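K.L.:
Have a look at this one.
The values are calculated or read from the model by the stated rules, or taken from the named source; none is laboratory data. Note that this is a predicted model, so its numbers are computed, not measured. So basically every Cβ, Gly included, is an ideal-geometry build from the backbone, and we count neighbours across all protein chains shown. Ligands, DNA and RNA are stripped out before the accessible areas are found, and what is left, the full protein with its side chains, is counted by its heavy atoms. Shrake-Rupley method; radii C 1.70, N 1.55, O 1.52, S 1.80 Å.
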Amino acid sequence: MNSETLLDTIPSLDLADFLSGDVERRAKFVQDLGSAFNNIGFVAIKNHGLTGELTAKLYEVVQKFFYSDDELKFKYVVPGIAGQRGYVAKGKETAKGFKVADLKEFYHVGQPKIDDGDPIWAEYPDNVFPSEQPEFEQYTVEAYNTLQVAGKNLLRAIAIYLELPEDYFEDKVKHGNSILRAIHYFPILNPDDMPEGAVRAAAHGDINLITLLMGASAEGLEVLRRDGVWIPITSLPEYVIVNVGDMLDRLTNHKLKSTIHRVVNPPKEKLGTSRFSIPFFMHPRSEMNLTCLESCVNAENPKLYVDMTAGEFLNERLIELGLKK
């Protein structure tokens, strides 16, 4: 598949091929992952480590939280940290370049802290969890850790594709600033009261290195193909959808493509229903240098981006999203 091919669906790959000891299977996985990220920026991956049982339990606890009354939810708003942990209420996040907030509320779980003397912990707020639901912490942290391992394996494959040492990303994502975001696209009970142009998630690129999205509870995710056509992405039960974020796009000078995507509103008869989605945004440590790799810059592909660290880039984007002043 070359980068000129226009895909109607995103490629499906098996992470077990990469983790097998088989040289050919591994090499084919690296090539297929790289060419998909070079082309459409999205793949579906199976054998990522999340069991069906964990996913089901996770969705159950997340739904229970979002169906709670506002009084309970607002107890878990943490002021002054730009929504990095805990509950973020409706109307708080607006996609870059848009005027109207997305129709969603969400909950952020960050890197679970461990006492190993790493100075990075001073940068992160503590996680907060609803005390009314002890199982919320259990399942969100378990999913966080599982997806982090899958993400690290995918970054190893990406490093090989980019002809970097296989462990290139390892120290850069160790205790990285990754976020598990449980999202509730709430029901629209009175469509006429909806702000003009409001959608569940307006067209955007993700900020981070890669995003891993476990099966959402309803359709609606669409990806913008190079020719301007929006393609619907349906997530199969045993797969996670993985896409390139803006940080990886910057690092590779747009060789690996952060593709614009959105969540559209359901048809009118389904506006009154909830949609749940739980992406894992894999971030590096804030000091990671996102300067374009020299191997990705040449006469045909001049350098597109100014040099900055991951922390500087994240800060800029949080301001653009309206989460930070």
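K.L.:
Return the carbon/sulfur percentage of the accessible area of the chain, one whole number, probe 1.4 Å, all protein chains in place.
P.N.:
After summing per-atom areas, the C and S share lands at 53 percent.
K.L.:
Still on this structure, I have one more. Considering region 110-236, what Rg and Dmax in Å follow from its alpha-carbon atoms?
P.N.:
Cα radius of gyration and Dmax of region 110-236 are 18.4, 55 Å respectively.
K.L.:
Another question about this same structure. Round to the nearest 10 and give me the degree value, 0 to 90, for the angle of helix 52-66's Cα axis relative to the longest principal axis of the chain.
P.N.:
Result, in degrees: 40.
K.L.:
Could you please tell me the mean projected area of the C-alpha convex hull for the chain, averaged over all directions and given in square nanometres to one decimal?
P.N.:
Averaged projected hull area, Cα only: 17.1 nm².
K.L.:
Another question, then. Can you pull out the chymotrypsin sites (Phe, Trp or Tyr not before Pro) in region 14-81 that DSSP calls coil and that have at most 14 other Cβ atoms within 10 Å?
P.N.:
Details: sites: PHE18, PHE29, PHE37, PHE42, TYR59, PHE65, PHE66, TYR67, PHE74, TYR76; in loops: TYR67, TYR76.
Those that pass, being in a loop and sparsely packed, are TYR67.
K.L.:
Give the lysines whose C-alpha is closer than 19 Å to that of LYS99, dropping any in the same chain fewer than 8 places away, or say none.
P.N.:
LYS90, LYS324, LYS325
K.L.:
Given a 1.4 Å probe and the protein chains all in place, what does the accessible area of THR259 round to, in Å² to the nearest 10?
P.N.:
Looks like 10 Å² after rounding.
K.L.:
Pulled fully out, how much extra length does the chain show between LYS96 and LYS325, if you take 0.36 nm times their separation in residues and subtract their Cα-Cα distance? Provide the component values of the computation, followed by the final result.
P.N.:
Values: separation 229, 0.36 × 229 = 82.44 nm, distance 1.42 nm.
Net length gain for the segment: 81.0 nm.
K.L.:
Given R₀ = 22 Å, FRET efficiency for GLU312-TRP121 by Cβ-Cβ distance, to 0.05? Write down the numbers at each step before the final one.
P.N.:
On the way: r = 20 Å, r/R0 = 0.90.
E between GLU312 and TRP121, to the nearest 0.05, is 0.65.
K.L.:
What are the extents of the Cα atoms of region 73-137 along their three principal axes, in Å, largest first?
P.N.:
43, 30, 17
K.L.:
Per residue and in cubic angstrom, what volume does the convex hull of the Cα atoms of region 188-262 have?
P.N.:
Normalising the Cα hull of region 188-262 by residue number yields 116 Å³.
K.L.:
On alpha-carbon atoms, Rg over Rh for region 123-178 using Kirkwood Rh?
P.N.:
Taking Rg over the Kirkwood Rh, I get 1.13.
K.L.:
Mind pulling up the Rg/Rh value for region 1-68? Radius of gyration and Kirkwood radius, both on Cα.
P.N.:
Rg/Rh for region 1-68 comes to 1.15.
K.L.:
Here is a follow-up. Put LEU236, LEU290 in order of accessible area, largest first, 1.4 Å probe: what do you get? Write out the running numbers ahead of the final one.
P.N.:
Working: LEU236 85, LEU290 0 Å².
Order by accessible area, largest first: LEU236, LEU290.
K.L.:
How large is the helix-only mean residue ellipticity at 222 nm for the chain, computed as the sum of -39500 (n - 2.57) over DSSP H runs with n ≥ 4, divided by its residue count, in deg cm²/dmol to the nearest 500?
P.N.:
-8500 deg cm²/dmol
K.L.:
Further, regarding this structure: Please tell me which of these pairs span more than 19 angstrom C-alpha to C-alpha: LYS28/LYS303; LYS92/LYS113; LYS104/LYS270?
P.N.:
LYS28/LYS303; LYS92/LYS113
K.L.:
Return one number: the angle in degrees, 0 to 90 and rounded to the nearest 10, between the long axis of the Cα atoms of helix 134-161 and the longest principal axis of the Cα atoms of the chain.
P.N.:
20
K.L.:
Follow-up question, since we're still on this one. Could you check which residue among LEU304, LEU58, LEU13 shows the biggest mean-square fluctuation in a GNM of the chain with a 10 Å Cα cutoff?
P.N.:
LEU304
K.L.:
Ok, one more. Show the residues, 5+ positions off or on another chain, whose built amide H is closer than 5 Å to the amide H of ILE207.
P.N.:
Result for ILE207 returns ASP246.
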